[in-house]
Structures are given as structure tokens and as C-alpha cells.
1. Which numbered condition trips up ALA346, out of (1) part of a helix (DSSP H, G or I); (2) open to solvent by 10 Å² or more (accessible area, probe 1.4 Å)?
2. Looking for something over 30 Å from LEU284 (Cα atoms) and modelled with pLDDT under 90 - is there at least one such residue anywhere in the stretch 61-68?
3. Do we find a residue being among the hydroxyl-bearing types (Ser, Thr, Tyr) and either on the phi > 0 side of the Ramachandran plot or at pLDDT 95 or above (or both) anywhere in the stretch 144-154?
4. For the structure I just gave you, tell me whether PHE190 is over 18 Å from the mean Cα position of the chain (by Cα), closer than 30 Å to LEU299 by Cα, of a type in the set (A, V, I, L, M, F, W, C) and surrounded by fewer than 24 Cβ atoms within 10 Å (Cβ to Cβ).
5. With respect to THR165, determine if the residue is assigned to a strand (DSSP E or B) and within 13 Å of LEU115 (Cβ to Cβ).
6. Taking GLU185 and the conditions (1) within 22 Å of VAL259 (Cα to Cα); (2) assigned to a helix (DSSP H, G or I), which numbered condition does it fall short on, given that it satisfies the others?
7. Where residues in the stretch 219-233 are in contact with a Gly (Cβ under 9 Å, 6 or more places away or on another chain) and surrounded by fewer than 24 Cβ atoms within 10 Å (Cβ to Cβ), which of them is nearest to GLY69 (Cα to Cα)?
8. Within the stretch 32-43, track down each residue that is surrounded by 13 or more Cβ atoms within 10 Å (Cβ to Cβ) and at pLDDT 80 or above.
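The values are calculated or read from the model by the stated rules, or taken from the named source; none is laboratory data. These numbers were taken from a predicted model, which means no experiment stands behind them. Cβ coordinates were reconstructed from backbone atoms using ideal geometry, including for glycine residues, and neighbour counts include every protein chain displayed. For accessibility, only protein heavy atoms count, side chains too; no ligands or nucleic acids. Shrake-Rupley method; radii C 1.70, N 1.55, O 1.52, S 1.80 Å.
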Amino acid sequence: MHGPPRRESAQKAGLTRGQLTALIVGLAVIVAVALTFPARVWTGLVYFTWAVFLIIATWRLLVILTPRGAAPVARLDVLPRYTVVAALYDEAAMLPQLVERLSRLDYPSTRLQGLIVLEADDQATLSAARSLPLPTWMAILVVPADTPGPRTKPRALNHALNHATGDLVTVYDAEDDPHPAQLREAAARFQRPGHDIACFQAPLRIRVAPGRDGFLERQFAAEYASLFEVTLPAMARLGLPFPLGGTSNHFRADILRQVGGWDPWNVTEDADLGYRLWKRGWRLGVLTRATWESPPTDLDQWLPQRTRWLKGYMQTWGVHMRAPWRLGLRGFWSLQITTGVAILSAAVHALTAAWMIMLGMTAATKGLSPATPPIAVLVLAAGVLAAWLTCWLGLRRAGGRYRLIDAVSAPTYWSLTTVALFQAAWRLVTQPYAWDKTPHEPDEATVPASGREAA
């Protein structure tokens, strides 16, 4: 198991013949229109941009209004076998915490297989793992150095899939703290007759520790809440595919093998896999039991992580746009409104903020009111309001609170994604398969009782 075929993988770099043809034809049409109607080109471009962002804002409002609709889950008498995978690299300090948290999973040990997947040259983590007392159901699995593919997390996950014995497979990261009942909920949801769901995504919630609730931490928590508490549940309810999170996704093992596992050449293998499952006729769902994670605490942690996400989103968008008709209309819409919008928004956030500041300062120094068309104000207000509302609703569902200062400072956080995008684009060209790893530290904080119940 070494990933999907090359034609469906990010390993095939560059534009396909069809994509290159579409690009040339599109540019030719734009040039022809510009030469024929030179006075109307700029106006048309402006109105087209306004329309795009109004559509995005309308979509976000629709997502807000879509109920989650999670049904109660019955407790199963006979549980399927479950394989729990954690692929780690340079995480010696995190191992004791992770093992302790996974040991709290409420699932019979006789039905569990745990694989701590480590790289052959990661001696520090290997030594820590071998000296640590592991539960009887948990074992160390070493990825041989000659395993095909670049040194990435999905490469390690594919190696683990070769050794998985469970009917169901889930993936956790080094810093994860999953709800103890998460596996039972997923197992029960998979047992419902007549459904065609291949994967359930558990919500990821950010634990903001007391005294460490700075700007980056709170904005990161709001961003996660917006995605995992509002957007993904709505998309699942509407029957749309979506990018999976990199952890706490629960798969049917047989279906995962049918689609080739994860793409080791894609640095957001989770986002890509959601759409590959959809193209094979499978749907995605969401769980209610959450996994808690700690946020990045400074730009040195946040920027490499966001750079990798955006680079992977560009890989994923490019791969699935090779044959967009295979996604169908709903899949095509989902790809554009998730990965496409993430890339587009990151490209314009800082530029828009700079333009607004420059416009305001120019007007103030000249003593004039900015000559801004009403529709431009409408577009801006609708987009910002929709983003604020999803963050507010998401944090409310997660048991948190979206403060006024969080809303006011959000545009600054959004603007940082532009920096990450330009770095991601450069690295996509120069180092497309390099894995920008996020450093982790053990977290002694615990979820408050109300938060644990809400999870």
C-alpha cells in the first residue's frame, strides 16, 4: 500500500495537457475581450470579483443556518475491531502523554490494535517508545528506510495500513486528547444499515490554557471552531464532500484500502482523501465526540503549519482539477468553496487590508470621504459578518466564547495567511514534498468539566 495511482497523486507535478489547454484558452478569451471592449474590462472584472465574494458570503450564511442534526447513538453489544494509528516523528517528549490519553479510550482492549508508527532513523523517539510501558493492545511499528515515497506522515500511515487488522481505522496525532467515547460513537454510526459513509470526522477543538490565551491561540481556536463545529457538520448534512482533518478521522478499513490509502506526495493527505473517497461514490460524516488539541503559541510554530496546509491545498486543488467532471456538480462546488476559497482568501486578505488602510489614510489626510461604491461596502460587510458569525457560533458550540476583541483583531490574523500563501507557493515550486512539521510540547492542562461534557 503506497498510495493512489500516479495520475491521481500529487507525485505527478505540473499541469496536465488538459489543464494547460484550458489555461491557454482562458487567457486567449480574456485577451480577446480586453482588446474588443477595453473600456469595460476593468468594470467587468470588478463586478465579477464582487459577485464571487457575495456568493462566498451567502454560502457561509447558509452553513450557519444549517442545523447539525446529530442523532443519538445506540451502544453496541458486539464491537468491530478497531486499529488506532499514531504516526510520530521527533516526538519523544510527547509519547508518555499520548499513550496515557489513548489508554483512556473506552473500548475493549481485546477489540483494539494500537500502532505507534515511527521512522527507522528517529532514534530518540524509538528509545523513548521502547522504554515506555505500553498497553497490551499497543505496539511499535517502524517504517523501513527504503519504504517508497517521500518522508511524510501519509507514507507512514500507508505502512501502518498494511499491518492494520481492524475493521475500522482511526488516526491520531502526537498532541491529541480524544474523547474516551469517540471510538464507540464511530463504531455505532458505521453500523447503521443502508448508509454509504466511508469516513467520520470527529471535531477538533483547541484547548486554550489559562494564561496562554494570546492573540494567536484565540484566533486559532476560533478558526478551528468555525470549521469543525459549523462548516463541516453543515456540509455533511447537505451531503457534500469536504477536506478531512489530519487527525481523528475514522475509516472503514476495506474502503480505505480500495482507494489506495493516503497520498504520500500530498502534504495535506487528509484534504485529498476526502475527495478521492467521494469520487469513488462514498460519503463523509461527522461525529459529536471531540478531540482536543493545543494551539501554536507563536509565529515560529504557526507559519510552517499554515504554509504546509496551503501548499497541500494547492496540491489537492490541482490534482482534482485534472478531471473535475469526476467530482460531479456537488463535488466540484465543494472543492471550490473549501480548498479554492482558502487559497483565494489567503491571497487577498492582506492586500485588501492594506488597500482599506491606504484608502482611509488618504481620505483622512485630504479631508475627504472615500469614494466607495455601496456594493463594495456590501461585499466587505457581508464577508466579514459571515466570518465573524461562523466563529461566534463555532466557539459557542464548542463551549467557548468569541469576544469583541477577537472579532476586531481577526482581520490581522487573516492577513497573516497571505504571508503563508506566498511562502507556500514558493515551496510548492522548490520543495513540493517537504513536510513542514509542527513542534509540540506536552500539555499539562485539562479540559474543564463543562468542556469535557460538551465534547
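1. All conditions pass for ALA346, except number (2).
2. no
3. No: zero hits.
4. Answer is no for this residue.
5. Values: assigned to a strand (DSSP E or B): no; within 13 Å of LEU115 (Cβ to Cβ): yes.
Criteria not met by THR165.
6. Of the numbered conditions (1) within 22 Å of VAL259 (Cα to Cα); (2) assigned to a helix (DSSP H, G or I), the odd one out for GLU185 is (1).
7. Taking the candidates together, the pick is THR231.
8. Correct list: VAL33, ALA34.
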